[in-house]
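Input: a single structure, listed below in structure tokens.
The values are calculated or read from the model by the stated rules, or taken from the named source; none is laboratory data. In this text the structure is predicted, and so the values were computed from the model without any measurement. No Cβ is skipped: glycine too gets one built from the backbone with ideal geometry, and neighbour counts run over all protein chains shown. All accessible areas refer to the heavy atoms of the entire protein, side chains included, with ligands and DNA or RNA removed. Shrake-Rupley method; radii C 1.70, N 1.55, O 1.52, S 1.80 Å.
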Amino acid sequence: MAEILTQREKQIFRKGTECFDMSCEKKSAAGSVSQRACVFCGSRVVLYPIVDALHLVHGPIGCASYTWDIRGALSSGRQLYRMSFSTDLQEEDVVFGGEKKLYRSLIELIDRYKPKSAFVYATCIVGIIGDDVDAVCERVSKEKGIPVLPVHSEGFKGTKKDGYKAACVALFKLVGTAGIGGIEKNSINILGDFNIAGETWMIRDYYNRMGVEVVSTITGDGRTDDICRSHGASLNVVQCSGSMLYLAKMMKEKYDIPFMRVSYFGVEDTSEALLKVAEFFKDTGIIAKTKELIREETEIYLPEILKYRDKLRGKKATVYVGGAFKAFSLIKALDMVGMSVSVVGSQTGNQDDYARLREMCDEGTIILDDSNPVELANFSLEKKVDIFIGGVKERPMAYKLGIGFCDHNHQRKEALTGYKGMLNFIKEVHSSLMSPVWRFTSRNGNAL
Amino acid sequence: MLLRHTSKEIKERKALSVNPAKTCQPIGAMYAALGLHGCMPHSHGSQGCCAYHRSALTRHYKEPIMAATSSFTEGASVFGGQANLVQAINNIFTIYKPDIIAVHTTCLSETIGDDVNQICQKAREDGKVPEGKHVIHCNTPSYVGSHITGYSNMLKGIIKYFSKSTGVKKDQINIISGWVEPSDMREIKRIAGQMGIKIVLFPDTSDILDAPQTGVHAFYPKGGTTIPELISTGDSKFSLALGKLATDAAAKDLDSKCKVKFKTVDLPIGLSATDRFIVALSNVADIDVPECITEERGRLVDIITDMQQYFYNKRVALFGDPDHLVALTELLVDLDMRPVYIITGTSGKAFNKRIEEILSDTVPDAKIKSGANADLFLLHQWIKNEPVDLIIGNSYGKHIARDEDIPFLRMGFPILDRIGHSYFPIVGYSGAMRILEKILSLLMDRQDRDASEESFELVM
């Protein structure tokens, strides 16, 4: 059994053995080898896919280095967002302030690249030395005539979730700044998909086929001009746990645009999402086309997916994700091919999320909040799981244990959303789980 | 297209880094600390720093990277991080049970003025450090220097804390390793073993970051320099420091603390640098170079004679970390190639001087830049103005290589898109053979690719 820090006891739940009082949305215990990141990380990942914007990291070099082109969020247009721009603050800047450097950097970059907008990320020490980032942004915005948006993403000011919020606050300043002429009644914004491996394109294509206009994609393959007129859409369709929910709420309040939360992972959830959107418009044409789309796609992909069921039936998984919302879909998706989830957790889930996870899981399933490698490894071994579904830091750990791995995070290389994505996902799970390498390895803590 | 955002026209930049050839100090401290046995690196700052460093190291080494963080909050940033660090030390020893916690700072904890030395002392006084366990630290403000500076600072911290002089010298030599792959550290031990010399290598990430698959997740794999070895460095006869920017300061500290004389040599990458390393090692250990090493050298020279006709006069652009660049530049000159552009984000006058020394006779017009604004954007601009035949550097060179259609040899840190660099050495004579083979394959592949049907030849 895993040793557990006493401070963490309430962040671990074993279904069927204890009364449920999951403690979550807490700061990580100091000294924990947490898999969590910081506020800046949250802001940077969600704004990064706005491809025609300039992204300038205001701080010492590290924050820019570590986020330079690491995420496969694809662009159909400019590639400017994949460059790394930093004010590279030095000791003298920390003493005398970095505002001048920030101003000069912005002017130079805007003159050179003529971006549609610019985002300036304030990192930890910018918050400490007290640079007036807002004022510099406002000045440059006036001089250059493009939106220059401060993102208050000082790393210590909360968790990754607060970073999402800071990003939404910056985005919201763009919303409503352009005309909405020509936008159809049956129109939506796609929120919370980041076009990893082209996933936004896939989803966008579904909506096109349904006869629903997509005004903007926030932020996958995102465009400044589209975001500026996104308040012209009739509905915000929000994917992903928390990242864009805050923006949707602000748009509801100010522009009275309703929103709905969906997931595009798995056949079941994708169909439900598309149908929910279609029904929102109460348009028989759209509903008919959507049903047709669901039928077509399911007919193509479901038999392909189910081919794997015989091989995968009874296999067990650990699922550890950033936001808990994704875990719901993954549990359902794995269930479709006869697999169960024995260990499930998230970095940033809330009470409701964990209550729902508990409902969905079998007896004995272990549910974790803000977990660490010791727990993840030990619980995975205890439950003898066959595959680990997680992010970059978990892959080598799973392999060391002799457990297969599938990246369901930034480093996925195949689109995993929608119908085709579900097939890709199951294929990936199957290929890793059935790899001949496991014949040669020690597995699940047992010597060969 | 990608990176068609680089203009040919070069303008002086005052305030901006574009596509850096460096990263920040703390990750270097973390990598150095991973080379100690039973050590948990600890990042005293926000959670994100630690997560980024672990991710970056994981992507490069393809191994689980364990490190803890003080998880700074807004409160800690106002009132200081003492409570966080003391609690962290307590928690780490309670649950993760390392022998050593190696604390490094971040820009945040440095700027708010945390006195980490004093906080670690307080943790000891409060009984948070169990008997026989150790907390060491170093300062790594991210706004000074680069990841190499951080690596160097952690080495200094290790010596400050562990090295002791008993007054009785031991028949052993310290080898202070620069930031190289675990495979390189393994190779250095192999070479010393072949020469029959007892060494203490530190740090030593072999058997930690190239650990075998075992079916368990070992928090502290069997490798790494042990505590008794670290303590004994103060009694060693001599220290050989490999790579000036990463290790010279630590060797100096050890000399002034424990009177261990030292010599700093270039990283033993390539023929000449390995020669000097072997000679230095044989001199300080007072032994003759064994036949097997002479033969290994002979094989390298033999390979160079076979290959030299293809290398002649090829223009090469290099970027990355200073100690690697010094050694690689010399290797290229030995191969009759022309290292024309050399860039590192790590600043250091010693670096420029050493490179100029190597190139003064052969490529006096080479462009060399280090420190501020020495980034890949500038390198790309240079290449646009006058192209090269080969680029050598970490994975971030792939954009330029593709954009300009130039063969590209991945070498250095980080390598994010290939596997193998942490398993095969580039140091020593056999390491040099591997570099040569890679360079030649790239040049030949290119020739084949570009050859017309008539000139496409089987025998090259």
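The mean of 1/r over all distinct Cα pairs in chain A, once inverted, gives the Kirkwood hydrodynamic radius of 23.0 Å.
Here, P(r) means the percent of Cα pairs in each 5 Å bin from 0 to the largest distance; for segment A:39-174 it is 2, 11, 22, 25, 23, 12, 3, 0, 0. Sites listed here are trypsin sites (Lys or Arg not before Pro) in segment A:193-290 whose DSSP assignment is loop and whose Cβ has at most 15 other Cβ atoms within 10 Å: A:Lys282. From the residues A:Met251, B:Gly270, B:Val363, which one has its Cα farthest along the dipole of the protein assembly as shown in the positive direction, the dipole being from +1 and -1 charges on Cβ of Lys/Arg and Asp/Glu about the Cα centre? The Cα lying farthest towards the positive end belongs to A:Met251.
Using the rule -39500 (n - 2.57) for each DSSP H run of four or more residues, divided by the residues of chain A, the 222 nm mean residue ellipticity is -13000 deg cm²/dmol. Give the calculated FRET efficiency between B:Ile303 and B:Ser360 to the nearest 0.05, with a Förster radius of 41 Å applied to their Cβ-Cβ distance. My answer for the efficiency is 0.90. Determine the residues within segment B:91-110 where the difference in accessible area between the chain on its own and the full set of protein chains amounts to at least 40 Å²; count protein heavy atoms only and use a 1.4 Å probe. Residues of segment B:91-110 that lose at least 40 Å² of accessible area once the other chains are added: B:Asn91, B:Ile95, B:Tyr96, B:Cys107, B:Leu108.
With the highest mean first, a sort of the peptides A:367-377, B:102-112, B:283-293 on other beta-carbon atoms found within 10 angstrom per residue produces B:102-112, A:367-377, B:283-293. Given R₀ = 45 Å, FRET efficiency for B:Lys11-B:Asp445 by Cβ-Cβ distance, to 0.05? Here the calculated transfer efficiency is 0.80.
Segment A:355-379 and segment B:302-359 have Cα centres separated by 52 Å. For segment B:25-162, the dipole from Cβ point charges (+1 on Lys and Arg, -1 on Asp and Glu) about the Cα centre works out to 340 debye, to the nearest 20. In chain B, helices alone account for a calculated mean residue ellipticity at 222 nm of -14000 deg cm²/dmol, with every DSSP H run of four or more residues adding -39,500 (n - 2.57). For the protein assembly as shown, the carbon plus sulfur part of the accessible surface works out to 50%, probe radius 1.4 Å. Max-minus-min Cα coordinates of segment B:25-162 on each principal axis give 38, 33, 26 Å, with the largest extent listed first. Think of segment B:173-288 as a dipole: +1 on every Lys or Arg Cβ, -1 on every Asp or Glu Cβ, centred on the Cα centre; then among B:His217, B:Thr247, B:Ile231, B:Ile231 lies furthest on the positive end. For segment A:187-304, the Kirkwood estimate of hydrodynamic radius, built from reciprocal distances between every pair of different alpha carbons, is 14.3 Å.
Rolling a 1.4 Å probe over the heavy atoms of the protein chains gives segment B:25-162 an accessible area of 25 Å² per residue.
Within 10 Å of the Cβ of each residue in A:156-168, the mean number of Cβ atoms contributed by other protein chains is 3.
Peptide B:17-28 shows a mean partner chain C-beta count of 6 within 10 Å per residue C-beta. Buried between B and A is an accessible area of approximately 6300 Å², summed over both sides with a 1.4 Å probe. Full extension of the chain between A:Tyr255 and A:Glu292 gives 10.1 nm of extra length, using 0.36 nm per residue less the Cα-Cα distance.
Projected onto its three principal axes, the C-alpha set of segment B:235-351 covers 49, 40, 13 Å, listed from the longest axis down. What the Cα atoms of chain B give is an Rg and a Dmax of 22.6, 80 Å. Once the chain from A:Glu25 to A:Asp310 is taken as fully extended at 0.36 nm per residue, the excess over their C-alpha distance is 98.7 nm.
Select from segment A:361-448 those trypsin sites (Lys or Arg not before Pro) which occupy a DSSP coil region and have at most 15 other Cβ atoms within 10 Å, ordered by residue number. Passing sites in segment A:361-448 are A:Lys384, A:Lys413. Remark on segment B:173-288: ratio of C-alpha radius of gyration to 2.2 N^0.38 Å is 1.07.
When restricted to Cα atoms, the protein assembly as shown yields an Rg and a Dmax of 27.9, 92 Å, respectively. If you take the Cα centroid of segment A:192-261 and the Cα centroid of segment B:135-207, the two points sit 52 Å apart. Surface exposure of segment A:1-128, expressed per residue as accessible area with a 1.4 Å probe, stands at 32 Å². Summed over the residues of segment B:295-435 and divided among them, the accessible surface reaches 37 Å² per residue at a probe radius of 1.4 Å.
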